[in-house]
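Participant: Starting off with a structure, shown below.
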Amino acid sequence: MSLFFQSLVLGVLLGGLYALLAAGLTLYFGVMRVVMIAHSAFLILAAYLAWFFTTETGLDPLLSLVVTVPLFFVTGVLMQRLLISRLRPATLTMMSVLLTFSIALVIEGMLGFVFSGTQRRIRLPYSGESIELFGANIAVVKLIAFGLAAVSLGALFLILKMTQFGQALRATIQHPDAARLIGINTDRIAGYGFGLGLATAAIGGTALALDSTIYPSLHWHWIGPLMAIIVVGGLGSIPGAAIAAMLLGLGQSLLQIPLGTTWAQTIFYVALFATLMVRPQGFFGGRLAQRF
Amino acid sequence: MKVTTHHRLGVLALASALTLTGCMSSGSSDEGEEGEGPITIGISLPLTGDFSEPGKGVQRGYEAWADYVNDNGGLLGRDVELTILDDQSNADRVASDYEKLINQDGVDLVFGPFSTRLVVPAAQVAKDYGFLFVEPAGAAEEVFTQGFDNLFYAAPAVADDHYNYLADAIEALPEAERPKTAAYAAMDDPFAMGTAYGLKTRLEEMGVETVVDEVYPPNTTDFGSIAAKIADSKADVVVGGTQYQDAVNMIVSLRQLDYQPKMAAFSTAPTNPEFPEAIGDETEGILSPTGYTPEADYPTNAEFVEYYTEREGTPPAEDEANAWTTGQVVAAAVEAVGCADPDPECQQQLIDWLRDNEVDTVVGPLTWDAEGRPEGAHLIQQYVDGEIRIVLPEDAAEADLILEKPEW
């Protein structure tokens, strides 16, 4: 029983992290129909920057967010304006896979060149600390990562629902032509939307760096599960991605008890196949995906 | 449009032809003058791709060995010259590399690549040409069950025997003091699983109950659930069949769940200099088998460490040492037999000599069984007072074995 409860707690924490890491990915697709293979490479880049920041200054890695979040936002806007907007609209989704795949390779290569292939981990005084709750241990670093996820997803939700920019962004997602007709500069909005997605990668990467060992090619292990999450959640839907991430994280954690690690990992792909067969537009939200 | 494509293809073909001839001429410059020119040694290594880090370590070891031999009068009075190709960590590529080295470049000897996955296809090519094949890395059982009669693994022990000294030490304890339960978690990798299951077999024979037995894929990023199972079992001993990042992540996850084993052993990771950087002060008492340490007082080791340190600025690690050992093993056979050429008769003499003789190396004296398994065991190291020290076997120990691991 205590193992079940412990796994439940771990699953919720893991699901929260998945939700944060997947949020940007679904946003790019929603705004731009872009499949962003390089999203997880940017996560690892942010994780490396957090590690580098901490080893150089000795300060807490969370402080690196002050630099990386604006940096990633600007990088995202530039990437969208200078590269992705040049792809032909008719083949945008396909070609964006190729383009962002190459960006992922460039990032991986640069990380290896600058920081070498040595596997790194941020050494935190509180990395092994935990809080006990009804017999289950909650690791402090995992709790911080979960908190970061909750705060950033909440902020993203508020930006999209409450601000004028958010309304313009949602209009762009729902119907770009109509959005242009009422005077929204959809090109600029798309650039900001992309920047916003990449800013979540900065936060996600830092959260990831708190509790994992990082190396340049690590991003290939992440992109598969994250893609599965956003398809199950309905492409373009942030609440959908968050719900799917939570369910899959919990499922993975609980299935590990009877099935072991290898089979528990397949839950992502089983869920992906099931979604494509039963409800290709995704289980949550995802009105948008019907058009594809 | 067609013309330009043809044009481009032509230029491409010309360019690649030039590169190829460039490569080949450097490889076989002194062919023909039998016994006069340098002894050429062909090697393919994973210099890029998955195994590039250890691959480069092996390359440094090989190059240091070649320079050392040449500084000290060469082999049979001839210089040695290495031709190193990059197989990009690719098993198809490694086979064609050795094919090329033996066939086109006409090398006199070959040395092995890094890691089981690449050693097996490479050894097959060497066997087809009757070449002696000494390899620095490829400790998993499947290397020795393919019927290679030309293969020798230049390290103290195969994966399954890495923990033998630790198992002996536990067996020597009075029954009441032995651990009762053990948890095993191993990466789904022939080498990593071999180390953990080698110890598992021995402990089960002693009556230590296995309470957790987990195998995880190499791409596992989250160790929370595995740690939860181990912590829930409250096993006395935890054994990790690990590489690097998995061991570090698992240890941190175990600590987060406040699991305190009496003994904790992990392969590979703890001997990595990055390990204490990542774990911090909580390394105390962690055990690990190691095939090499610069402190070991085998006859040629001090000279190796000094030469290597002067050359590279840092002391050699296990990959470099195993490469150097490969050089020593082949050199011993060549000196004893008195030949070094691709002729099958000479190669067979080298193979036969190694089958029957002991070779003194930087990792200790080595002998092999009929399949090429070395017949030793690994030293056992442990973090004692914050430093990784040899604790077993007793005659090589630098510090006393800590039987009751402090809390981490």
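The values are calculated or read from the model by the stated rules, or taken from the named source; none is laboratory data. Not measured: the values here are computed from a predicted model. Positions of Cβ are generated from backbone atoms using ideal geometry, with glycine treated the same way; all protein chains shown enter the neighbour counts.
Participant: Looking only at residues in the stretch B:231-279 that are of a type in the set (A, V, I, L, M) and over 29 Å from the mean Cα position of the chain (by Cα), which one is surrounded by the fewest Cβ atoms within 10 Å (Cβ to Cβ)?
Facilitator: Filtering the stretch B:231-279 for residues of a type in the set (A, V, I, L, M) gives B:231, B:235, B:237-239, B:247-248, B:250-252, B:254, B:257, B:263-265, B:269, B:278-279.
Narrowing the set further to residues that are over 29 Å from the mean Cα position of the chain (by Cα) leaves B:231, B:235, B:257.
Values: B:A231: 25, B:A235: 25, B:L257: 21.
Here the answer is B:L257.
Participant: Of all helices (runs of 4 or more DSSP H) completely enclosed by the stretch A:1-87, which ones contain at least 1 residues that are within 14 Å of chain B (Cβ to nearest Cβ)? First the steps, then the outcome.
Facilitator: Values: elements: A:2-32, A:39-57, A:65-82.
Correct list: A:2-32, A:39-57.
Participant: Which of the residues spanning the stretch A:135-173 are within 14 Å of chain B (Cβ to nearest Cβ) and either at pLDDT 85 or above or in a helix (DSSP H, G or I) (or both)? Full working, then the answer.
Facilitator: The initial filter retains those residues of the stretch A:135-173 that are within 14 Å of chain B (Cβ to nearest Cβ), namely A:135-146.
Across the stretch A:135-173, the qualifying residues are A:A136, A:N137, A:I138, A:A139, A:V140, A:V141, A:K142, A:L143, A:I144, A:A145, A:F146.
Participant: Output yes when any residue across the stretch A:276-285 is surrounded by 19 or more Cβ atoms within 10 Å (Cβ to Cβ), in a helix (DSSP H, G or I) and either of a type in the set (A, V, I, L, M, F, W, C) or within 12 Å of another protein chain (Cβ to nearest Cβ) (or both), and no when none is.
Facilitator: No, because not a single residue in the stretch A:276-285 is surrounded by 19 or more Cβ atoms within 10 Å (Cβ to Cβ), in a helix (DSSP H, G or I) and either of a type in the set (A, V, I, L, M, F, W, C) or within 12 Å of another protein chain (Cβ to nearest Cβ) (or both).
Participant: Which pairs do you get when a residue that is more than 7 Å from chain A (Cβ to nearest Cβ), found in the stretch B:208-224, comes within reach of a residue that is surrounded by fewer than 16 Cβ atoms within 10 Å (Cβ to Cβ) and not in a strand (DSSP E or B), reach meaning Cβ atoms under 7 angstrom, with the pair 6+ apart or on two chains?
Facilitator: Close Cβ pairs (under 7 Å, with a partner that is surrounded by fewer than 16 Cβ atoms within 10 Å (Cβ to Cβ) and not in a strand (DSSP E or B)) amount to B:V208/B:K180; B:E209/B:K180; B:T210/B:E204; B:P218/B:D188.
Participant: Tell me whether the stretch B:236-254 contains one or more residues that are more than 9 Å from every other protein chain (Cβ to nearest Cβ), over 24 Å from B:P156 (Cβ atoms), of a type in the set (S, T, Y) and out of contact with any Gly (no Cβ under 6 Å at 6 or more places or on another chain).
Facilitator: no
Participant: Something else about it: Residue under question is B:A302, and the condition is that it be closer than 30 Å to B:Y129 by Cα, small (G, A, S), more than 19 Å from the chain's Cα centre (by Cα) and assigned by TED's automatic domain parsing to the domain that holds B:F51; does it hold? Break it down stepwise before answering.
Facilitator: Numbers: closer than 30 Å to B:Y129 by Cα: no; small (G, A, S): yes; more than 19 Å from the chain's Cα centre (by Cα): yes; assigned by TED's automatic domain parsing to the domain that holds B:F51: yes.
The answer is no for B:A302.
Participant: Restricting attention to the stretch B:255-280, and to residues there that are under 25 Å from B:A377 (Cα atoms) and among the polar types (S, T, N, Q), which single residue is nearest to the other protein chains (Cβ to nearest Cβ)?
Facilitator: Per the stated criteria, the residue is B:N272.
Participant: For the stretch A:95-131, enumerate the residues that are acidic (D, E) and within 8 Å of chain B (Cβ to nearest Cβ). If you could, list the steps in order and put the result at the bottom.
Facilitator: Of all residues in the stretch A:95-131, those acidic (D, E) come to A:108, A:129.
Scanning the stretch A:95-131 gives a single hit, A:E129.
Participant: Can you name the residue in the stretch A:239-262 that is free of Cβ contacts under 8 Å to residues at least 40 places away in the same chain and within 10 Å of chain B (Cβ to nearest Cβ) and is also farthest from B:A183 (Cα to Cα) among such residues? Spell out how you get there, then give the answer.
Facilitator: So the first thing to find is which residues in the stretch A:239-262 are free of Cβ contacts under 8 Å to residues at least 40 places away in the same chain, and the list is A:255, A:258-262.
Next cut, within 10 Å of chain B (Cβ to nearest Cβ) only: A:255, A:260-262.
On the way: A:L255: 19, A:G260: 14, A:T261: 15, A:T262: 17 Å.
My answer is A:L255.
Participant: Test B:T220 against the stated conditions and say whether it is touching a helix residue (DSSP H, G or I) at 6+ places or on another chain (Cβ under 8 Å) and hydroxyl-bearing (S, T, Y). Walk me through it before giving the result.
Facilitator: Working: touching a helix residue (DSSP H, G or I) at 6+ places or on another chain (Cβ under 8 Å): yes; hydroxyl-bearing (S, T, Y): yes.
Criteria met by B:T220.
Participant: Now a separate question. Testing A:L226 on (1) away from every other protein chain (no Cβ under 14 Å); (2) modelled with pLDDT of 90 or more, one condition comes back false. Which one is that?
Facilitator: Failing condition for A:L226: (1).
Participant: Here's something else I'd like to know. Residues that are within 16 Å of B:D369 (Cβ to Cβ): which strands (runs of 3 or more DSSP E) entirely in the stretch B:117-193 hold 3 or more of them?
Facilitator: Working: elements: B:133-135, B:151-153, B:181-187.
It comes to B:133-135, B:151-153.
Participant: Within the stretch B:318-352, which residues are among the aliphatic types (A, V, I, L, M), within 26 Å of B:A139 (Cβ to Cβ) and either crowded, with 19+ Cβ neighbours inside 10 Å or in contact (Cβ under 8 Å) with a residue 60 or more places away in the chain (or both)? Write out each step before concluding.
Facilitator: Taking the stretch B:318-352 first, the residues among the aliphatic types (A, V, I, L, M) are B:321, B:323, B:329-334, B:336-337, B:340, B:350-351.
This time we only want the ones that are within 26 Å of B:A139 (Cβ to Cβ), so: B:321, B:323, B:329-334, B:336, B:350-351.
Once the filter is applied, which keeps residues that are among the aliphatic types (A, V, I, L, M), within 26 Å of B:A139 (Cβ to Cβ) and either crowded, with 19+ Cβ neighbours inside 10 Å or in contact (Cβ under 8 Å) with a residue 60 or more places away in the chain (or both), the stretch B:318-352 yields B:A321, B:A323, B:V329, B:V330, B:A331, B:A332, B:A333, B:V334, B:L350, B:I351.
Participant: Right, something else. Does B:A296 meet the test of being within 22 Å of the chain's Cα centre (by Cα), assigned to a loop (DSSP other than H, G, I, E, B), aliphatic (A, V, I, L, M) and more than 14 Å from every other protein chain (Cβ to nearest Cβ)? Explain how you work it out, then say what you get.
Facilitator: On the way: within 22 Å of the chain's Cα centre (by Cα): yes; assigned to a loop (DSSP other than H, G, I, E, B): yes; aliphatic (A, V, I, L, M): yes; more than 14 Å from every other protein chain (Cβ to nearest Cβ): yes.
Taking the combined requirement at face value, the residue satisfies it.
Participant: May I pose another question? Looking at the stretch A:209-238, which of its residues are in a helix (DSSP H, G or I), farther than 20 Å from B:Y216 by Cα, touching a residue at least 60 places away in the same chain (Cβ under 8 Å) and touching a Leu at 6+ places or on another chain (Cβ under 8 Å)?
Facilitator: If the condition is that a residue be in a helix (DSSP H, G or I), farther than 20 Å from B:Y216 by Cα, touching a residue at least 60 places away in the same chain (Cβ under 8 Å) and touching a Leu at 6+ places or on another chain (Cβ under 8 Å), then A:L210, A:P216, A:M227, A:I229, A:I230, A:I238 are the ones that fit.
Participant: Examine the stretch A:83-100 for a residue that is of a type in the set (D, E, K, R) and in contact (Cβ under 8 Å) with a residue 12 or more places away in the chain, and state whether such a residue exists.
Facilitator: Restricting attention to the stretch A:83-100, the residues satisfying the condition of being of a type in the set (D, E, K, R) are A:86, A:88.
Next cut, in contact (Cβ under 8 Å) with a residue 12 or more places away in the chain only: none.
Within the stretch A:83-100, not a single residue is of a type in the set (D, E, K, R) and in contact (Cβ under 8 Å) with a residue 12 or more places away in the chain.
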